[in-house]
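K.L.:
Quick one: the structure is below, questions incoming.
The values are calculated or read from the model by the stated rules, or taken from the named source; none is laboratory data. Just so you know, these numbers come straight off a predicted model, no measurement behind them. Note that each Cβ is placed from the backbone with ideal geometry, even for glycine, and that neighbours are counted across all protein chains shown. Please note that ligands, DNA and RNA were not included when accessible areas were found on the heavy atoms of the full protein model with its side chains. Shrake-Rupley method; radii C 1.70, N 1.55, O 1.52, S 1.80 Å.
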Amino acid sequence: MDTHEKLPELTEVEATEIAQQSINISPSAKKQARKSPPFHFVIWLYKWFQANSFAPGFLSGIWSQPILGYLVAFVGQLVIVMGLLVLFHTYPSFRFLEGPMILFILLVALGWGAGPGVVALLVGAVMLIFFVFPPTFTFTMSGSSEVIELLLYLAVGLTISILASNTERARRASEKLRLRLDTIIDAIPDSIVLFDLQGRRIQQNRVAREMSEIENLLLPAEELPDKYEMIDAQENPFPPSQLTHRRVFAGEREAQATIGYRNTATHHVERWAFVKSRSLADEQGEPNYAITIIHDVTEQKIADEIQQRLAAIVRSSTDAIIGKTLEGIITSWNSSAESMYGYSAEEIVGEPITLLFPPDSQDEFSAIMEKLRRGERLDHYETKRVRKDGTILNISVTISPIKDRSGKIIGASAIARDISEQKRLQAELWKSKQQLEVILESIADGITVQNTDGNIVYMNEAGARLCGFTSTSQLYQASDSPIHAESVIQRFVVLDERGNPFPQDELPGSRALRGERAPQAIVQYFDKALELRRWSLVKAQPIFDEHGEVQLAVTIFSDITESYEQQQRKDEFISMASHELKTPVTSLKGFTNVLQRRLAQQRDEKTLHFLSRMDFQLDKLTKIINDLLDISKMHSGQLALHNEPFELDLLIQETVADVQAALPSHRLLIEGETGVQIVGDRDRLEQVLVNLLTNAVKYSPKSDKVLLSLSQTSDEAIVSVQDFGIGIDVSHHQKIFERFYQVTDPEEKTYPGLGMGLYISHEIVNRHHGRMWVESKKGEGATFYIALPILQKDNL
Ligand code: ADP
């Protein structure tokens, strides 16, 4: 096996054999051969000589021509006979022997075949007759012993010549056969190793010989480099005793195994081999050898793994994955395809893909196939298919050509996703978007949507009109893209309710963009060009993404100019009226007091009684006028506070005592204490307490007690006023602090009032940086809370 020689070309002997065969089967040759026996004999003779002469193995080039054999035979035999004759002449006692001549014939036959051997034999025979057998120098023979001798010479010579020739030819044939086998074995890409009983390599082919370290999948464990270990297909250690040649020596006729070679350092399996051994008998027929073939299956294993992995991906994909031939015959069908289309793989593999096409889109198939044949792919192509049950399915499909190794397109793969639900949602989304747009366009309020950069991403028609444009399209034409909010409102001076400039950052839209929920403000827009003043109630709302980050802010502008101006006029009137009322009522009060003093001197008890009723009503009137004046002041920002530090508990005790004296129907109880000082307007805070206490008494006619609770936290003093009266429904909790708000439920009708007290109280508390709120349920009494910041000792 250890040879690199190429397969030899056909030898002449073989060529002749083949030629012979072809001549034998050629009818024309047969016809010719049948022509005449002598001719037949000549052809036979020619062919015999041709078949029995070959080139000597030890010569090459021109010298290897078989014709040289004939020359050597002829000349050589002549020379030998001449030499023998010279010997015979010199030593007459020398008995001429045919031995050397026969030896020469043997050599010639071994070297060039039986043809030249026969020539040497014949030359020898002629020479014997002419020179040796008496009468010499004639071609006749006298004695019968010479004839016998000649015949013996011819018989021995011919036999030796043919035998030698055949032996040599057989030797050459077997040598060539061996060379050819070696070449074939060397050409095999697997390692082939012959082991003896001791596990030694007796012979190996080229692949086994040439492969380097790991690629030469060494079988004897002893020869395996340290850095590798053998593992079985399950990646467990492979015991050396299980090596296939050892198993064969242990008695198995044939053994096979898959062995992996793992790098002990990296734990990476670098090679996989499929190993097969078979016992081989020695000359004595004993099974002393094992022929082992090692087939490197690394790539196959990797390919298998990739294939398995891909198959698993295809199996587990939620998309339908379908393979088809270029003719559109389905070749593979995964489980998602089964559930999506309703056909099982057994049902549909082998069927045309057009089975899934709706009847009206059968043409689509040829269009798709045309594209695929050009090597193009269809990406996320949206179309319709039919399920087994006949229902229509909306899908998004990517169809790609499948190419073989040479790049030839042999089929196509289709990866389809059911988008029916998506389509439905899209349609719904489109519908609701349409609806929303119609609503947004038809409402009177202006609506804008701003992104975090402050750019306007949407504005409705009313919004555009409020901004001084005739329509949104005019706004888009007049503005740069993107439209920045500031550029839209630059034609306006933006003011607050009191006419002070409204900082851009404080506008509800900006506050919403900072994450504030539902900011709102009354904003005055003064159009510089038209010198027009308008008021808007601006409300904004942030829109958050899934991470809670503000993405957009929606701002709604309600034009309240008319109602606002009306309100202003109303406020001005109230302010004026209360001012106008205050003077006469004050003098009325003064005169009443004078009259009271006089009548007291005259002891006119009856008139005094009427006067005290009048005084009481005048007090009520004064309170209403004062409240109205307070409201006007608050509204115009003119309510002045005279702040000073004072003991809160003391104020509460004094106020409660005063109110208790005026309203004896209820017991006003104080629980706990705050024990703190606060800074504020004592009178105004007293006004708040009086308000809460009078309300508590007023709205709890069936009860006789009001509870004041005092407490404190680290930074606030908390005062609560609890009554056990009619209570307030939760829906009114916010509104009762608004100006002139009164609960208008039927049972409330009996309570007089103007809805000013809580508004004033709330404003006063706010101005003290405090908080005020209510906790109540209808019919279960109400608790009003005031929380006021404590004057910290350090600040004293
Ligand atoms: P009014 O002068 O009407 O009492 P307020 O501003 O003091 O005005 O109160 C506003 C409204 O809040 C009242 O009309 C009443 O309906 C409700 N209210 C206030 N205090 C109480 C209370 N303690 N119990 C039930 N309802 C109350």
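K.L.:
Can you give the relative contact order of the chain as a percent, counting alpha carbon pairs under 8 Å and 6+ residues apart?
P.N.:
With pairs under 8 Å counted, the relative contact order is 5 percent.
K.L.:
If you don't mind, there's one more thing I want to ask. Need the full-extension length gain, Leu152 to Ser473, defined as separation in residues times 0.36 nm minus the C-alpha distance. One decimal, nm.
P.N.:
Gain on stretching Leu152 to Ser473: 102.4 nm.
K.L.:
Still on this structure, I have one more. How would you order 627-637, 737-747 from highest to lowest mean count of nearby Cβ atoms within 10 Å?
P.N.:
627-637, 737-747
K.L.:
Starting from the Cα-Cα distance between Thr159 and Ala662, subtract it from 0.36 nm times their residue separation and give me the gain in nm to one decimal.
P.N.:
164.6 nm
K.L.:
For Ser510, what is the net charge nearby, where nearby means another residue's Cβ is under 11 Å from its Cβ and Lys, Arg count +1, Asp, Glu -1?
P.N.:
With Lys, Arg at +1 and Asp, Glu at -1, the neighbours total -2.
K.L.:
Taking the Cα atoms only, what angle lies between the long axis of helix 99-112 and the longest principal axis of the chain, rounded to 10 degrees?
P.N.:
20 degrees
K.L.:
For the chain, what is the charge dipole size about the Cα centre, in debye to the nearest 20, if Lys and Arg each add +1 at the Cβ and Asp and Glu each add -1 at the Cβ?
P.N.:
Approximately 2200 debye in magnitude.
K.L.:
For Gln568 and Gln362, calculate 0.36 nm times their separation in residues minus their Cα-Cα distance, and state this gained length in nm to one decimal. All intermediate terms of the calculation are to be shown ahead of the outcome.
P.N.:
Details: separation 206, 0.36 × 206 = 74.16 nm, distance 7.41 nm.
Roughly 66.7 nm would be gained on extension.
K.L.:
Run the simple label-point estimate for Ser60 and Arg178 please: 7 Å along Cα→C-beta, distance reported in nm.
P.N.:
Each label point is offset 7 Å from its Cα along the Cβ direction, giving 2.0 nm.
K.L.:
Something else: For Asp729 and Leu532, what does the FRET efficiency come to when R0 = 41 Å and r is the distance between their Cβ atoms, rounded to the nearest 0.05?
P.N.:
Given R0 = 41 Å and the Cβ-Cβ separation, E is 0.45.
K.L.:
A further question on this structure: Using +1 on the beta carbon of Lys and Arg, -1 on that of Asp and Glu, and nothing else charged, what's the dipole of segment 676-735 about the Cα centre, debye to 20? Display every interim value, and only then the final one.
P.N.:
Details: 6 positive and 8 negative charges, 50 e Å.
Its charge dipole is roughly 240 debye.
K.L.:
On to the next question. Give me the net charge for the shell around Tyr153: Cβ to Cβ below 12 angstrom, other residues only, Lys and Arg +1, Asp and Glu -1.
P.N.:
Spelling it out: positives minus negatives among the neighbours equals -3.
K.L.:
Also, quick follow-up: Which one of Val193, Gly260, Leu669 has its Cα pushed farthest toward the positive end of the charge dipole of the chain, where Lys and Arg give +1 and Asp and Glu give -1 at the Cβ?
P.N.:
It is Val193.
K.L.:
With a sphere of radius 12 Å drawn around the Cβ of Gly454, what net charge do the other residues whose Cβ falls strictly inside it have (Lys, Arg +1; Asp, Glu -1)?
P.N.:
Once all neighbours under 12 Å are counted, the net charge is -2.
K.L.:
Ok, one more. Any idea what angle helix 561-601 forms with the longest principal axis of the chain, computed on alpha-carbon atoms, 0 to 90 degrees, nearest 10?
P.N.:
Helix 561-601 sits roughly 30 degrees off the main axis of the chain.
K.L.:
Separation between the Asp226 and Gln242 pseudo-spin-labels, each 7 Å from Cα along Cα→Cβ, expressed in nm?
P.N.:
2.6 nm
K.L.:
Moving to a separate point now. When the solvent-accessible surface of protein heavy atoms is calculated with a 1.4 angstrom probe, in what order do His609, His666, His762 fall, highest first?
P.N.:
His609, His762, His666
K.L.:
Helix 12-25 versus the longest principal axis of the chain: what is the Cα-based angle in degrees, 0 to 90, to the nearest 10?
P.N.:
90 degrees
K.L.:
Among Ile786, Gln307, Pro116, whose Cα lies farthest out toward the positive end of the dipole of the chain, if unit charges sit on the beta carbon of Lys, Arg (+1) and Asp, Glu (-1)?
P.N.:
Selected residue: Pro116.
K.L.:
Right, another one. Could you work out how far apart the two model spin labels at Ile439 and Leu310 are, taking each label as a point 7 Å from the Cα in the direction of the beta carbon, and quote it in nm?
P.N.:
So the two model labels end up 5.2 nm from each other.
K.L.:
Which one of Val706, Leu608, Thr655 has its Cα pushed farthest toward the positive end of the charge dipole of segment 557-709, where Lys and Arg give +1 and Asp and Glu give -1 at the Cβ?
P.N.:
In segment 557-709, that residue is Leu608.
K.L.:
Hey, what's the chain come to in accessible area per residue, 1.4 Å probe, Å²?
P.N.:
Working: 45780 Å² over 796 residues.
Ligands and nucleic acids excluded, the result is 58 Å² per residue.
K.L.:
Moving to a separate point now. I'd like the FRET efficiency for Gln300 and Leu355, computed as 1/(1 + (r/R0)^6) with the beta carbon distance as r and R0 of 41 Å, rounded to 0.05.
P.N.:
After rounding to 0.05, the efficiency reads 0.70.
K.L.:
Now, a different point. Taking the Cα centre as origin and putting +1 on Lys and Arg beta-carbons and -1 on Asp and Glu beta-carbons, what dipole magnitude results for segment 552-644, to the nearest 20 debye?
P.N.:
720 debye
K.L.:
Please report the carbon-and-sulfur percent of the accessible area for the chain; probe 1.4 Å, protein heavy atoms only, DNA, RNA and ligands left out.
P.N.:
57 percent
K.L.:
R0 = 35 Å: FRET efficiency of Arg613 with Ile522, Cβ-based, nearest 0.05?
P.N.:
Approximately 0.20, to the nearest 0.05.
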